[in-house]
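Trainee: I'd like to ask you about the structure that follows.
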Protein chains: 2
Amino acid sequence: MHEKSSIIGRLGDKGYRLTPQRLMILAAIEGSADHISAEEIYAQVAAKYPHVNISTVYRTLELLKRLGMVFEIDLGEGRIRYHAESSGHHHHLVCQGCNRVVYIDEATLSSLRNILLRDYAFAAELRHVGIFGLCNDCRKKSGGKGNARR
Amino acid sequence: MHEKSSIIGRLGDKGYRLTPQRLMILAAIEGSADHISAEEIYAQVAAKYPHVNISTVYRTLELLKRLGMVFEIDLGEGRIRYHAESSGHHHHLVCQGCNRVVYIDEATLSSLRNILLRDYAFAAELRHVGIFGLCNDCRKKSGGKGNARR
DNA sequence: GTATCTGCAAATCCTTTGCAAGTCA
DNA sequence: TGACTTGCAAAGGATTTGCAGATAC
């Protein structure tokens, strides 16, 4: 049990080829403290391996998503961000006034999840979207204009 | 006080021109039982008035958003949907298994809103995004594949 | 050796923009 | 009349795809 990455191990186990591109893309995702976009993954990989193409990044992300190893999160920027399944979960409060993202821990929303499950039999996957609104600072500033999207 | 549409009245009051395009775009939005996309608005308007251009739809939406008369909602489809401010509010549970959208009333999430406000001083605007997850049926079906997005 | 992957280039989808012509007030 | 609106066409950004050559196993 000492693989560089459990994801890499699992990819290999499932019969997928461990190409240098895939390894580098995985490293970028796993190494990202935050959530990373396809473009950012591409930039990181291309810095060491200029030959890669961004379509390979998208194809690899597609594969990893399909295998449940990487998750998407839509923070309303008009682009999707990705994070490794292994990197732990939290929720995102996205301020539409200043674009700041506040992280809150998973437990905060567990009661909501329970209510939706109980009353609507709906299993909410709250980790993969941002919750939009206004942070404290922006609320004070005359309600904050809120032109954060796209 | 008997305008066809309160939005139209307000647009005129603010000094914006009531062009036929704007009136028809407004009619499409207000007439939509559900949430409508720019493309759908365009199709509806173009049916009666083939001359319109979709850029006019986007520009009108931009204006109405700015004036707070129309709201966006991102249901994670890779496109934004719109609804009239006057059409009442509710929340959206979007099933990633079958793409179904379940509407829930605003009160259901008010406690969440209060918690976020109290603990994070964050004023969440929950009405403008969908909450993703799996509906009852799709949960039963072996967890449902969940390839709903884009 | 060969099925799987990749790079490349072009296409797609949604949305935005510049500009000259049209039109509401 | 004249500022505000529109149509048109072209650009924009994110993502996807077809295909032929490259490569992991």
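Yes/no matrix, rows are residues, columns are (1) within 27 Å of B:Gly133 (Cβ to Cβ); (2) polar (S, T, N, Q); (3) without any contact (Cβ under 8 Å) to a residue 60 or more places away in the chain; (4) in the same structural domain as B:Thr19 (by TED's automatic domain parsing):
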residue: B:Gln44; (1), (2), (3), (4): no, yes, yes, yes
residue: B:Pro50; (1), (2), (3), (4): no, no, yes, yes
residue: B:Val57; (1), (2), (3), (4): no, no, yes, yes
residue: B:Leu64; (1), (2), (3), (4): no, no, yes, yes
residue: B:Leu75; (1), (2), (3), (4): yes, no, yes, yes
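Trainee: May I ask you to list the residues in the range A:48-91 that are open to solvent by 20 Å² or more (accessible area, probe 1.4 Å), assigned to a loop (DSSP other than H, G, I, E, B), near DNA strand C (Cβ under 10 Å from one of its atoms) and away from chain B (no Cβ under 14 Å)?
Mentor: Residues satisfying the conditions are A:Tyr49, A:Pro50, A:His51, A:Asn53.
Trainee: Just give me the residues in the range B:23-41 being near DNA strand C (Cβ under 9 Å from one of its atoms) and either open to solvent by 10 Å² or more (accessible area, probe 1.4 Å) or not in a helix (DSSP H, G or I) (or both), in sequence order.
Mentor: Within the range B:23-41, B:Ser37, B:Glu39 meet the criteria.
Trainee: Examine the range B:123-137 for a residue that is within 16 Å of DNA strand C (Cβ to nearest atom), closer than 16 Å to A:Leu126 by Cβ and among the β-branched types (Val, Ile, Thr), and state whether such a residue exists.
Mentor: yes
Trainee: Next question, about the same structure. Which numbered condition trips up A:Ile115, out of (1) away from DNA strand C (no atom under 16 Å from the Cβ); (2) more than 19 Å from B:Ser111 (Cβ to Cβ)?
Mentor: So the condition that A:Ile115 fails would be (2).
Trainee: Still on this model: Just the residues that are buried (at least 17 other Cβ atoms within 10 Å of the Cβ) and part of a helix (DSSP H, G or I), please, taken from the range A:92-109.
Mentor: Step one: filter the range A:92-109 for residues buried (at least 17 other Cβ atoms within 10 Å of the Cβ), giving A:92-97, A:102, A:104, A:108-109.
Answer for the range A:92-109, where residues must be buried (at least 17 other Cβ atoms within 10 Å of the Cβ) and part of a helix (DSSP H, G or I): A:Thr108, A:Leu109.
Trainee: Take the range A:96-108 and flag every residue that is more than 7 Å from chain B (Cβ to nearest Cβ) and among the hydrophobic types (A, V, I, L, M, F, W, C).
Mentor: Listed by number, the residues that qualify are A:Cys98, A:Val101, A:Ala107.
Trainee: Further, regarding this structure: Among (1) in contact with a Phe, Trp or Tyr (Cβ under 6 Å, 6 or more places away or on another chain); (2) more than 19 Å from B:Gly31 (Cβ to Cβ), there is one condition B:Gly78 misses while meeting the rest; what is its number?
Mentor: For B:Gly78, the failing item is (1).
Trainee: Restricting the search to the range B:117-138, which residues are more than 7 Å from chain A (Cβ to nearest Cβ), more than 14 Å from B:Asp74 (Cα to Cα) and open to solvent by less than 20 Å² (accessible area, probe 1.4 Å)?
Mentor: Within the range B:117-138, B:Cys138 is the sole residue that qualifies.
The values are calculated or read from the model by the stated rules, or taken from the named source; none is laboratory data. Values in this document were obtained by computation on a predicted structure and should not be read as measured data. Because the Cβ atoms are built from the backbone with ideal geometry, glycine has one as well, and the counts that use them run over all protein chains shown. Just so you know, the surface numbers come from the protein's heavy atoms only, side chains and all, with ligands and any DNA or RNA stripped out. Shrake-Rupley method; radii C 1.70, N 1.55, O 1.52, S 1.80 Å.
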